[in-house]
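Step one of this worksheet: look at the structure below.
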Amino acid sequence: MKRKIVLLFIVLSVVTLVCISCKTTPKEAPATAPKTDPAVTAAKNKTDQARKQALDFDSNQYFPSEWNDAESEYKAAVAANDIAKFNALTEVYNDLYKKSIPLYAQAKEDEIMALREQIIATGFTDAFPQYLKKPDDLALAAKAKYDSGDYSGAKESADAAMTEYGTLLTGAKVYLTRQEIINRGFTQYDSENFLKADEIAQKAIVAYNESDRDAATVNAEEALLRYNIVLANGWTKYAAERKEAADKERQLAIVDRANIASKDTFRKGDASLEIANESYDAEVYADAALAFIEAEAIFSVSRKETEEKRIRAEEAIRVAEEKIEESSGSALEAEKLIEGGSK
């Protein structure tokens with residue numbers, strides 16, 4: 001009994017001591033973020049501005065080795081909050097920016113000229129020359145700003161010109177695809193999509209004239225998609241028609257015995273027909289259609305060659321028969337003379 005009382009007393013004492021210890025343990029103070037030196041912040045901001053400016057002009061692409069070195073130093077400066085490192089890096093990034101300016105300007109000019117030439121090559125500006133004015137004006141403004149030393153302004157105008165040329169190129173592709181459909185007579189194969197594409201293309205023109213470039217781009221791209229569907233359907237059905245025509249011409253050539261009389265030409269037709277069928281089976285219908293047309297033409301030529309040979313052969317036979325008749329007549333006369341002389 002005494003042992004139980006002693007054990008109970010010990011347990012209670014331990015619990016009491018633990019509780020007292022918990023109550024007297026001081027709470028940890030919340031961690032506070034270290035204060036940043038305003039001078040360090042200002043130095044870093046200048047470096048960040050210089051870095052962004054250099055990056056905007058593709059310094060990382062023109063001078064990759066120097067850029068990577070600067071980036072390593074930048075990480076070290078950020079880790080150390082070192083004002084001196086930030087100040088030095090600002091100079092490095094500014095130097096990269098200055099060296100990149102002429103390279104960037106030339107590359108941008110080349111891009112603009114390439115886009116412009118693509119637009120002109122479609123023939124779109126022959127029909128609608130007025131649409132070149134807006135992007136051309138922006139490109140000229142970019143050149144003027146560059147010459148005056150306003151490089152950021154020049155970049156902004158050049159980017160705007162690129163955007164306008166890009167939108168115009170999409171419109172030019174719409175125009176070119178539509179013209180190809182009409183010129184090839186493919187509207188008959190998918191008139192529903194063609195009319196819908198025309199409707200959407202008109203919306204794109206209206207949006208572009210109202211300077212709503214986003215709407216113009218969206219509508220132009222949808223119109224182009226529909227025109228391409230019409231073009232693809234047209235080639236598919238046209239190729240099937242040309243295949244049938246080529247096969248028919250080949251059979252006619254065989255009936256005319258061109259495969260024997262003009263076998264070299266006939267074999268060329270077979271070679272073209274084989275290429276056409278391979279493209280057709282691979283569903284490259286544009287190539288197939290053109291190859292079928294070629295094969296049909298060659299089989300037609302073989303038939304004409306065979307007909308010409310037949311005509312020449314018939315003429316040769318006629319001439320030969322006439323000569324035989326003449327020879328027979330001469331022989332008969334000679335025979336009569338001989339008989340008369342013997343009398």
When residues of the stretch 117-149 are limited to those that are among the small types (Gly, Ala, Ser) and without any contact (Cβ under 8 Å) to a residue 40 or more places away in the chain, the one nearest to PRO102 (Cα to Cα): GLY149
Test: residue in the stretch 157-180 that is of a type in the set (Lys, Arg), part of a helix (DSSP H, G or I) and more than 30 Å from ILE200 (Cβ to Cβ): no
Scan of the stretch 116-136 for residues that are more than 18 Å from SER211 (Cα to Cα) and part of a helix (DSSP H, G or I), ordered by number: ARG116, GLU117, GLN118, ILE119, ILE120, ALA121, PHE124, THR125, ASP126, ALA127
Given (1) surrounded by 12 or more Cβ atoms within 10 Å (Cβ to Cβ); (2) of a type in the set (A, V, I, L, M, F, W, C); (3) within 19 Å of ALA42 (Cβ to Cβ), index of the condition PHE63 fails: (3)
Matching entry among GLU210, GLU278 (being more than 30 Å from ARG310 (Cα to Cα), of a type outside the set (Gly, Ala, Ser) and within 26 Å of the chain's Cα centre (by Cα)): GLU278
Matching entry among ASP48, ASP82 (being surrounded by 13 or more Cβ atoms within 10 Å (Cβ to Cβ) and closer than 21 Å to TYR104 by Cα): ASP48
Complete set of residues in the stretch 220-255 that are crowded, with 19+ Cβ neighbours inside 10 Å and either out of contact with any Phe, Trp or Tyr (no Cβ under 9 Å at 6 or more places or on another chain) or of a type in the set (Phe, Trp, Tyr) (or both): ALA223, LEU224, TYR227, TRP235, TYR238
Some residue of the stretch 284-291 being farther than 23 Å from GLU180 by Cα and surrounded by fewer than 16 Cβ atoms within 10 Å (Cβ to Cβ): no
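Each value in this text was obtained by applying a stated rule to the coordinates, not by laboratory testing. Quick caveat, the model's predicted, so the values are computed rather than measured. A quick note on method: Cβ atoms are made from the backbone with ideal geometry, for glycine too, and the neighbour counts reach across all protein chains shown.
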